Amino acid sequence: MLRVFLATTNIFTSLILGALAMGVVWYLSPDLMQDFFQSASGFKSWLTNLGIDPKYNNFLWFLIEERQIVFMGFVIATRVVMAMLAAIFIAPFTESI
């Protein structure tokens, strides 16, 4: 049960910290954030022009937005940083086999 709690806490914490990181970058470096959005737009164009069947391609056009792609990138980056920090701080307390 503890593992489920820790995993769920990790997910929600990474969502919140990812949103905060996105807000900080948005405020401190609007040019960088604009580059992120333009890159996300290019990624969306590439993904929707792969020649996928139209019924699936319309699904992608409907669901994918640039802001979601950018936010997902911030959340993934936050999860990577949290995993590295956890590995650094938890490693001394675990026994090696």
Among the residues listed as Leu47, Leu32, Leu28, the single one being aliphatic (A, V, I, L, M), under 20 Å from the mean Cα position of the chain (by Cα) and farther than 17 Å from Phe74 by Cα: Leu47
Hey, among the residues in segment 36-61 that are assigned to a helix (DSSP H, G or I) and small (Gly, Ala, Ser), which one's surrounded by the most Cβ atoms within 10 Å (Cβ to Cβ)? Ala40
Out of (1) exposed (fewer than 13 other Cβ atoms within 10 Å of the Cβ); (2) modelled with pLDDT under 95, the odd one out for Ile64 is which? (1)
Show the residue pairs meeting these rules: Cβ distance below 7 Å; 6+ apart or different chains; first residue within segment 33-47 and within 10 Å of Glu66 (Cα to Cα) and touching a residue at least 12 places away in the same chain (Cβ under 8 Å); second residue in a helix (DSSP H, G or I) and among the β-branched types (Val, Ile, Thr). Phe36/Val70; Phe37/Val70; Ala40/Ile69; Ala40/Val70; Phe43/Ile69; Lys44/Ile69
Consider Thr78 against the criteria (1) in contact with a Gly (Cβ under 6 Å, 6 or more places away or on another chain); (2) surrounded by fewer than 12 Cβ atoms within 10 Å (Cβ to Cβ); (3) not charged (D, E, K, R): it satisfies all of them except one. Which criterion is unmet? (2)
Is there a residue being assigned to a helix (DSSP H, G or I), surrounded by 13 or more Cβ atoms within 10 Å (Cβ to Cβ) and polar (S, T, N, Q) anywhere in segment 17-35? no
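The values are calculated or read from the model by the stated rules, or taken from the named source; none is laboratory data. Note that the coordinates shown come from a computational prediction; the quantities given were computed from them, not determined experimentally. Reconstructed Cβ throughout: ideal geometry from the backbone, glycine too, with neighbour counts over all protein chains shown.
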